[in-house]
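Novice: Supplied in structure tokens, the structure appears directly below.
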Amino acid sequence: MSKPILLSVDDDSDVLRAIERDLRSRYGAEYRVIGSDSPDAAMEILKQLKVRNDSVALLLADQRMPGMNGVEFLQEGMRVFPDAKRALLTAYADTSAAISAINEANINFFFMKPWDPPADHLYPQLDDLLEDWKASYKPTFEGIRVLGTRWSPRCYELRDFLARNHVPYQWTDVEISANDPETKRLLDVLGPEAQSLPVVLFPDGTKLLEGAPPEVAQKVGLRTRAQTNFYDLAIIGGGPAGLAAAVYGASEGLHTVMIEREAPGGQAGMSSRIENYLGFPTGLSGGDLARRAVVQAQRFGVVILAPQEAVSVRTEGSYRIVKLADGNELSCHALMVATGVQWKRLEAPGIEKFHGAGVYYGGGATEALSCKGENVYVVGGANSAGQAAMNFAKYAEKVVMLVRGDGLASTMSQYLIDQIKETPKIQVWSHASVSEAHGDTHLEEISVMCSDTNKMERVPAAAMFIFIGAQPRTEWLAGLVERDDHGFLLTGPDLIRDGARPKGWALDRDPFLLETNVPGIFGVGDVRHGSVKRVASGVGEGSVAVQFIHQYLSKV
Ligand SMILES: Cc1cc2nc3c(=O)[nH]c(=O)nc-3n(C[C@H](O)[C@H](O)[C@H](O)COP(=O)(O)OP(=O)(O)OC[C@H]3O[C@@H](n4cnc5c(N)ncnc54)[C@H](O)[C@@H]3O)c2cc1C
């Protein structure tokens, strides 16, 4: 925990040195002593301290200084740190000015120069002031702080990124907290910079304006670049399948890198409660599962690059070369594609406009808390929608599930249907599909088409979470890796047609189970044609594929 600060300001450098020395010798163990030889410079220091979220316990200023006298400085300083104790250093001739300042300008005390011996003329009074200050002192938050607004898509993107990467941060909605005095003071100190939301403030006093995930990732030490550019195994995608492959690959001695576009965990990372994963009888959240897997992978030495995206791949002899979104390349002998699936977009007027500002794809872990006391809509009737509805019901006033069909029976597991039935806050609206989203700067209402009555209803909606199925995004592999009509990767037996091996296949063996039409490139998890879309099956495929990779590498 950083120490609270005692700041003294005096334009006479001898006096400044003396007061700093005396403050440090008595209070240095508990407080940080800072000195400044000009009131303007001291004001700048105070603003920096505010941005860093430091606490200031004492402002001590000489009365006679050029430009700004001590009383004026203390009054200015009070605007930034109102709780700091304020004291003046005065010469005998200024005593009456000091006494009137105590009355008029909320100064707590004045000290006469010289104060020797400090044990008699400085410490007893300062002890009193600091004891007083400590009585109401609450240590401030020391991590990353993000200032933004709830309805800004940029802010949503950043918060979602921080949450999914398990980076702790403190969020301040500057609109909701507009009347909070501490927020006002911080915004004053930031001045026009406070317009460039999201503003990210780091504990070292630096800040990022319009902070975007890649810059924040770099600042908090998430690795986005590889140190070497050759690996035995490169895994694209950090969902359950990729993470399992990383753990098994690295634990069996393969020099392994995993590249993840957003945050390790994949779709599973968005799940509020996975109840069917073996070994967790009371269920566990996707976030928890991802965090444990990342620690496990790192323990075995897996290099995780996130956020980083694979944008193309080519082969050069036995090398598989992956191009990354930042233009760098890395090569490997075995490549595993575990890129899963991404949410299908809902095509209706207004939806794109409010994406991140009331309309969200997937769980929106960050948003669940913001739904407190509101009416929210969940679009879709599969397990993912059911889990999300159960999660939002913990916070929202009401959760309405919009389902196209006549119920959940054909699309959702029975255990979830039962849970939903027992949750009065959740209402299932069947035969319903969203046909438009309305609002000004954020979602306010939706139009719902009811196919049983053929009527359109317009209802208020604070937030809408869309879970209408998913599709693979594998265009970056086109021309090299064979895919089905929907973009899922063909592997193993899927590639054998009429007993013939895939076109261009030059090896005297069939493709391994989970191997694509390019030797050494494997496809696992949800991205694979015919895969069972479950956490356990992804984990299973990721681990099993490592066995084939060993066989492949033994002949490279
Ligand atoms: C809300 C929700 C709840 C669910 N609940 C359950 C449940 O309770 N039980 C269960 O068994 N299953 C559940 N599932 C399904 C399960 O999560 C998936 O089957 C599983 O996550 C698939 O794992 P995967 O590794 O194949 O792919 P994903 O989990 O989809 O991971 C793929 C990863 O690859 C990354 N990626 C994609 N393209 C690139 C690229 N070009 N470069 C770098 N990275 C890339 C993505 O960002 C993503 O992180 C749920 C799914 C959702 C969405």
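Novice: Residue check: is K503 within 16 Å of the ligand (Cβ to nearest atom), surrounded by fewer than 19 Cβ atoms within 10 Å (Cβ to Cβ), among the charged types (D, E, K, R) and modelled with pLDDT under 95?
Specialist: On the way: within 16 Å of the ligand (Cβ to nearest atom): no; surrounded by fewer than 19 Cβ atoms within 10 Å (Cβ to Cβ): yes; among the charged types (D, E, K, R): yes; modelled with pLDDT under 95: yes.
No: the conditions fail for K503.
Novice: Scan the stretch 50-70 and report the pairs whose first residue is at positive phi and whose second residue is of a type in the set (A, V, I, L, M), with Cβ atoms within less than 8 Å and a gap of 6+ or a chain change.
Specialist: N53/L201
Novice: Which of the numbered conditions does Q547 fail, given that it passes all the others? Conditions: (1) modelled with pLDDT under 95; (2) within 37 Å of the chain's Cα centre (by Cα).
Specialist: (1)
Novice: Same structure again: Filter the stretch 193-232 down to the residues that are under 30 Å from Y552 (Cβ atoms) and in a loop (DSSP other than H, G, I, E, B), then identify the one that is most open to solvent (accessible area, probe 1.4 Å).
Specialist: Of all residues in the stretch 193-232, those under 30 Å from Y552 (Cβ atoms) come to 223-232.
Add one more test, that the residue is in a loop (DSSP other than H, G, I, E, B), and what stays is 223-229.
Details: R223: 96, T224: 24, R225: 139, A226: 36, Q227: 154, T228: 69, N229: 97 Å².
Taking the candidates together, the pick is Q227.
Novice: With more than 45 Å from the chain's Cα centre (by Cα) and touching a residue at least 12 places away in the same chain (Cβ under 8 Å) as the only criterion, which of A84, A97 stands out?
Specialist: On the way: A84 fails: more than 45 Å from the chain's Cα centre (by Cα).
Among A84, A97, only A97 is more than 45 Å from the chain's Cα centre (by Cα) and touching a residue at least 12 places away in the same chain (Cβ under 8 Å).
Novice: Is there any pair linking a residue in the stretch 307-321 that is closer than 21 Å to R164 by Cβ and small (G, A, S) to one that is part of a strand (DSSP E or B) and near the ligand (Cβ under 8 Å from one of its atoms), with Cβ under 7 Å and at least six apart or on different chains, and which?
Specialist: Here the result reads A310/I236; A310/I259, each pair linking the stretch 307-321 to a residue that is part of a strand (DSSP E or B) and near the ligand (Cβ under 8 Å from one of its atoms).
Novice: Starting from the stretch 259-279, take each residue that is within 12 Å of I236 (Cα to Cα) and β-branched (V, I, T) and list its partners that are more than 6 Å from the ligand (Cβ to nearest atom) and open to solvent by less than 20 Å² (accessible area, probe 1.4 Å), counting only C-beta distances under 9 angstrom and pairs at least six apart or across chains.
Specialist: The qualifying pairs are I259/A234; I259/I235; I259/L305; I259/A306; I259/Q308; I259/V322; I259/L324; I259/L330.
Novice: Hey, another quick one. Return the residue satisfying two criteria in turn: it lies in the stretch 512-526 and is farther than 20 Å from I321 by Cα and not small (G, A, S), and of such residues it is farthest from the ligand (Cβ to nearest atom).
Specialist: F512
Novice: Condition check: hydrophobic (A, V, I, L, M, F, W, C), within 25 Å of the chain's Cα centre (by Cα) and open to solvent by less than 10 Å² (accessible area, probe 1.4 Å). Does A246 satisfy that? I'd like the intermediate steps shown before the answer.
Specialist: Values: hydrophobic (A, V, I, L, M, F, W, C): yes; within 25 Å of the chain's Cα centre (by Cα): yes; open to solvent by less than 10 Å² (accessible area, probe 1.4 Å): yes.
So A246 fits the description; yes.
Novice: Please find, among D508, D526, the residue that is on the phi < 0 side of the Ramachandran plot and part of a loop (DSSP other than H, G, I, E, B). Before the answer, list the steps.
Specialist: On the way: D526 fails: part of a loop (DSSP other than H, G, I, E, B).
Going through D508, D526 in turn, just one is on the phi < 0 side of the Ramachandran plot and part of a loop (DSSP other than H, G, I, E, B): D508.
Novice: With the condition kept exactly as written, say whether any residue in the stretch 330-352 is open to solvent by 20 Å² or more (accessible area, probe 1.4 Å), over 24 Å from the mean Cα position of the chain (by Cα), over 30 Å from A437 (Cα atoms) and not polar (S, T, N, Q).
Specialist: So far as the stretch 330-352 goes, yes, one or more of its residues are open to solvent by 20 Å² or more (accessible area, probe 1.4 Å), over 24 Å from the mean Cα position of the chain (by Cα), over 30 Å from A437 (Cα atoms) and not polar (S, T, N, Q).
Novice: Out of the residues in the stretch 288-324 that are assigned to a strand (DSSP E or B) and charged (D, E, K, R), state the one that is farthest from R473 (Cα to Cα). Break it down into steps so the answer makes sense when it comes.
Specialist: Our first condition is that a residue be assigned to a strand (DSSP E or B); within the stretch 288-324, this holds for 303-305, 310-316, 319-324.
Filter once more, so that each one left must be charged (D, E, K, R): 314, 316, 320, 323.
Working: R314: 17, E316: 24, R320: 20, K323: 16 Å.
Top of the filtered list is E316.
Novice: For the list (1) at pLDDT 95 or above; (2) among the small types (G, A, S); (3) buried (at least 23 other Cβ atoms within 10 Å of the Cβ), I need the number of the one condition that G269 fails.
Specialist: Against the list (1) at pLDDT 95 or above; (2) among the small types (G, A, S); (3) buried (at least 23 other Cβ atoms within 10 Å of the Cβ), G269 comes up short only on (1).
Novice: Residues of the stretch 394-426 being under 32 Å from the mean Cα position of the chain (by Cα) and closer than 12 Å to V379 by Cα, which ones?
Specialist: V399, V400, M401, L402, V403
Novice: Could you say which residue among F280, F300 is open to solvent by 10 Å² or more (accessible area, probe 1.4 Å) and either closer than 30 Å to K219 by Cβ or within 8 Å of the ligand (Cβ to nearest atom) (or both)? Before the answer, list the steps.
Specialist: Numbers: F280 fails: either closer than 30 Å to K219 by Cβ or within 8 Å of the ligand (Cβ to nearest atom) (or both).
Every option except F300 fails the conditions.
Novice: Next up: Could you tell me which residue of the stretch 233-275 is farthest from the ligand (Cβ to nearest atom), considering only residues that are part of a strand (DSSP E or B) and closer than 26 Å to V220 by Cα? Show your work before the answer.
Specialist: In the first step, residues of the stretch 233-275 are kept if they are part of a strand (DSSP E or B); the result is 233-236, 256-259, 274.
From the residues that got through so far, the ones that are closer than 26 Å to V220 by Cα too are 234-236, 256-259.
Working: A234: 11, I235: 9, I236: 5, T256: 15, V257: 11, M258: 9, I259: 5 Å.
Step by step, filter the stretch 233-275, then rank; the result is T256.
Novice: Okay, next question. Could you please give the count of residues in the stretch 156-186 that are within 10 Å of the chain's Cα centre (by Cα) and either acidic (D, E) or outside any loop (DSSP other than H, G, I, E, B) (or both)? Walk me through how you get there before you give the answer.
Specialist: At the first step, the residues of the stretch 156-186 found to be within 10 Å of the chain's Cα centre (by Cα) are 156-169.
From what is left, the residues that are either acidic (D, E) or outside any loop (DSSP other than H, G, I, E, B) (or both) are 156-164, 169.
Going through the stretch 156-186 one residue at a time, the tally reaches 10.
Novice: Of A91, A119, which residue is open to solvent by less than 50 Å² (accessible area, probe 1.4 Å), small (G, A, S) and closer than 26 Å to V56 by Cα? Before you say what the answer is, go through the steps one by one.
Specialist: Numbers: A119 fails: open to solvent by less than 50 Å² (accessible area, probe 1.4 Å).
Answer to the selection: A91.
Novice: Filter the stretch 229-247 for residues that are farther than 16 Å from F300 by Cβ and touching a strand residue (DSSP E or B) at 6+ places or on another chain (Cβ under 6 Å); which is modelled with the highest pLDDT? Before you say what the answer is, go through the steps one by one.
Specialist: Keep residues of the stretch 229-247 that are farther than 16 Å from F300 by Cβ, which gives 229-230, 236-237, 239-241.
Retained after the next criterion (residues that are touching a strand residue (DSSP E or B) at 6+ places or on another chain (Cβ under 6 Å)): 229-230, 236.
On the way: N229: 88, F230: 94, I236: 98.
The extreme case among them is I236.
Novice: Quick one: in the stretch 303-321, of everything that is aliphatic (A, V, I, L, M) and away from the ligand (no atom under 13 Å from the Cβ), which residue is nearest to R261 (Cα to Cα)? Spell out how you get there, then give the answer.
Specialist: Filtering the stretch 303-321 for residues aliphatic (A, V, I, L, M) gives 303-306, 310-311, 313, 321.
Filter again for away from the ligand (no atom under 13 Å from the Cβ), leaving 303, 321.
Numbers: V303: 14, I321: 17 Å.
Going through the qualifying residues, I end up with V303.
Novice: Tell me, which residue of the stretch 469-499 that is open to solvent by 60 Å² or more (accessible area, probe 1.4 Å) and assigned to a strand (DSSP E or B) is farthest from the ligand (Cβ to nearest atom)?
Specialist: Among those that are open to solvent by 60 Å² or more (accessible area, probe 1.4 Å) and assigned to a strand (DSSP E or B), it is R497.
Novice: Right, here's the next one. Condition check: out of contact with any Asp or Glu (no Cβ under 9 Å at 6 or more places or on another chain), under 21 Å from A338 (Cα atoms) and of a type in the set (G, A, S). Does G487 satisfy that? Give the steps one after another, and end with the answer.
Specialist: Working: out of contact with any Asp or Glu (no Cβ under 9 Å at 6 or more places or on another chain): no; under 21 Å from A338 (Cα atoms): yes; of a type in the set (G, A, S): yes.
No: the conditions fail for G487.
Novice: Something else: Taking the residues in the stretch 40-79 that are small (G, A, S) and under 22 Å from F111 (Cα atoms) as candidates, determine which candidate is most open to solvent (accessible area, probe 1.4 Å).
Specialist: At the first step, the residues of the stretch 40-79 found to be small (G, A, S) are 41-42, 55, 57, 61, 67, 70, 77.
Now drop any that are not under 22 Å from F111 (Cα atoms), which leaves 42, 57, 61, 67, 70, 77.
Numbers: A42: 0, A57: 0, A61: 0, G67: 91, G70: 0, G77: 0 Å².
Out of the qualifying residues, it is G67.
Novice: Filter the stretch 369-387 for residues that are at pLDDT 90 or above, closer than 26 Å to Q170 by Cα and open to solvent by less than 10 Å² (accessible area, probe 1.4 Å) and give the result.
Specialist: Within the stretch 369-387, V376 is the sole residue that qualifies.
Novice: What is the number of the single condition among (1) under 30 Å from Y361 (Cα atoms); (2) open to solvent by 70 Å² or more (accessible area, probe 1.4 Å); (3) without any contact (Cβ under 8 Å) to a residue 24 or more places away in the chain that E444 does not meet?
Specialist: For E444, the failing item is (3).
The values are calculated or read from the model by the stated rules, or taken from the named source; none is laboratory data. Model, not experiment: these values are computed from the prediction. All Cβ positions, glycine included, derive from the backbone under ideal geometry; neighbour counts span all protein chains shown. Remember, those area values only see protein heavy atoms, side chains included, never the ligands or the DNA or RNA. Shrake-Rupley method; radii C 1.70, N 1.55, O 1.52, S 1.80 Å.
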